[in-house]
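These notes concern the structure reproduced below.
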Amino acid sequence: MRLKSLIVGGILAAMASTAALPAFAQDSVYVPLFSYRTGPYAGSGIPIANGMSDYLTMLNERDGGINGVKINIEECETGYDTQKGVECYEQVKAKNPLVISPYSTGITLQVIPKAGVDKIPVLSMAYGLSAAAVGESSPWVFNPPATYWDGASAIITDIANREGGMEGLKGKKIGYIYLDAGYGKEPIPLLEDFSKKYGFELTLYPVPGKEMQNQSSQWLNVRRDRPDYMIMWGWGAMNPTAVKEAVKIRYPMDKFYGIWWSGGNDDAGAGGEDAKGYRTMNFHGVGSDYPVIQDIKKYVVDAGKSQVDPAKFADNLYNRGVYNSMLIAEGIRQAQEITGKKVIDAADMRAGLENLNVDEARLKEIGMEGFAKPVKLSCSDHSGHHQVYVVEWDGKDWQKAGEWYSPMTDVVRPMLEKAAEEYTTANAPWPEREEACLSN
């Protein structure tokens, strides 16, 4: 599948299919937010939901929306349950949503085929199906700023740097503890490939969802196996439990890595001072010392329009939610610029995300200078595979523990393209891309 094979008829078909959908309102756009403020994953879901909602609310309160268009924000509670997430999707679909943010790999995997048929873009920010980064085969799915596979490659890179280079990985033992679900399984093919390529031993420690808060057996096995490094793909109650168990068996915390979804303040805080040194990946700023965060405080939190606990304002996952909504807002702006319309529809939004280009100047303009790195997507690359960095727990909060660096893009991208081809073959008949590659 190549972009140059796209035909003009695809443009007309896309326009015709979306033109029949009713607008949510004449002077507003509808952005549903899938959230989970209840259940065993609420510890991670609440700060994310607050950050997502508060950023968009701030744009409404401070700027009157985006270019004069108000954002209708509506949460749909999924409880991180895939079936409930699908029900949310069906519920909001009739309201002409601009974009779906599932905030669950399981839900994302279920809605990807639906979204392609319904012509609704899915923004799975740094989660979901890694292969969806290949825009030629997944024109309605976006996973910036980096995929799970980018994250796994970044962790391996950081470990290698501490061992004197990739050759230093040879003979090492690396343990992988993960939520035994689609989310936790997603990076395993890449890690298995890397273990063969770089000569390290990979040991898997699955944690069933129903046993997230009882990981004693897994960590007894870790103590027995004595891996040189541990990597965690946890979420919700799994994360603080794992950190406490690692502390309990006296695993060296500076050799314990979490993916960015295992980096909540409450996750590391469960181990307190003893968890010092625990490391996770990150792709946005920590703390409140950014103009964008201060504007959210002024226009939303202090104004009583937020659900956030003031003590948890601007913690790491809250800022993650802010970043997610920044991508949504900038996608809307880009779509407005491309189409010349103020009130855009889902097809316009897809084109906006496909042409997303938040450079340093734009980051400064929106109060995110130093908070994030520029993010740019294209018709073929829906992730960007952007830079990440490591944060380290100091016993009380997260601290930057190194410079930004790129994932192993040259290695990961060909693997993603192969995985995308396998995915579309396994789910045949998978429709050829018909969407035009618009540009501003």
Those trypsin sites (Lys or Arg not before Pro) from region 241-330 that are DSSP loop and have at most 16 other Cβ neighbours within 10 Å turn out to be R250, K276, K305
For the chain: relative contact order, % (alpha-carbon pairs under 8 angstrom, 6 or more apart):
22
q = 0.15, 0.21, 0.23, 0.24 Å⁻¹: log10 I(q)/I(0) that the Debye formula gives for region 41-124, counting C-alpha atoms only:
-0.59, -1.05, -1.17, -1.22
Would you grab the residues whose amide H sits under 5 Å from the one on K70? Only those 5+ places off in sequence or on another chain, please, with H modelled 1.01 Å from N.
V29
Two pseudo-spin positions, 7 Å from Cα along C-beta at E421 and at E75, lie apart in nanometres by 4.4
Can you give the accessible area of M253, probe radius 1.4 Å, in Å² rounded to 10?
10
Match the structure shown to one of the listed values [x] 21.9; [y] 24.4; [z] 23.7 of Kirkwood radius over Cα pairs in Å, computed from it, and give that label.
[x]
Using the Cα centre of region 148-244 as origin and beta-carbon charges of +1 (Lys, Arg) and -1 (Asp, Glu), tell me which of G184, W219, I156 is placed farthest towards the positive end of the dipole.
W219
Taking θ as phi - 60°, what are the ³J(HN,Hα) couplings along region 342-356 by the Karplus curve (6.51, -1.76, 1.60), each to the nearest whole Hz, with x for Gly and Pro?
8, 8, 8, 10, 5, 5, 4, 4, 4, 5, x, 5, 5, 10, 4
What trypsin sites (Lys or Arg not before Pro) in region 67-96 are in a loop by DSSP, with at most 16 other Cβ atoms within 10 Å of the Cβ?
K95
A chain fully extended from A311 to A361 at 0.36 nm per residue, minus the present Cα-Cα distance, gains in nm 14.8 nm
Quote the charge dipole size of the chain about the Cα centre in Debye, to the nearest 20; the model charges only the Cβ of Lys and Arg (+1) and of Asp and Glu (-1).
420
Given axes a ≥ b ≥ c from the Cα gyration tensor, I'd like to know whether region 261-409 is rounded (a/c under 1.5), prolate (a/b larger than b/c) or oblate.
oblate
Carbon and sulfur: what percent of region 367-440's accessible surface (1.4 Å probe)?
50
Extension reserve of the A94-R62 stretch, reckoned as 0.36 nm per residue once the Cα distance is removed
8.6 nm
Accessible surface, region 52-199, averaged per residue in Å² (probe 1.4 Å)
30
Report the accessible area of T82, computed with a 1.4 Å probe over the heavy atoms of all protein chains in place, in Å² rounded to the nearest 10.
50
Among G116, L56, A428, flag the residue with its Cα farthest along the positive direction of the charge dipole of the chain, charges on Cβ as +1 for Lys/Arg and -1 for Asp/Glu.
A428
Ranked from highest to lowest mean number of other Cβ atoms within 10 Å per residue, what is the order of the peptides 330-340, 121-131, 392-402?
121-131, 330-340, 392-402
Of the listed links K248/K312; K119/K373; K70/K376; K173/K376; K70/K312; K84/K185, those spanning more than 32 angstrom between alpha carbons are K173/K376
Could the peptides 27-33, 377-383 be put in order, highest first, of the mean number of other beta-carbon atoms found within 10 Å of their residues?
377-383, 27-33
Per DSSP H run of n ≥ 4, the term is -39500 (n - 2.57); total these for the chain, divide by its residue number, and report the mean residue ellipticity at 222 nm rounded to 500 deg cm²/dmol.
-12500 deg cm²/dmol
Give me the number: length gained by fully extending Q399 to I249, i.e. 0.36 nm times residue separation minus the C-alpha to C-alpha distance, one decimal in nm.
51.6 nm
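The values are calculated or read from the model by the stated rules, or taken from the named source; none is laboratory data. Model, not experiment: these values are computed from the prediction. Methodologically, a virtual Cβ is constructed for each residue, glycine included, from the backbone with ideal geometry; neighbour enumeration extends over all protein chains shown. Side chains included, ligands, DNA and RNA excluded: accessible areas come from the protein's heavy atoms. Shrake-Rupley method; radii C 1.70, N 1.55, O 1.52, S 1.80 Å.
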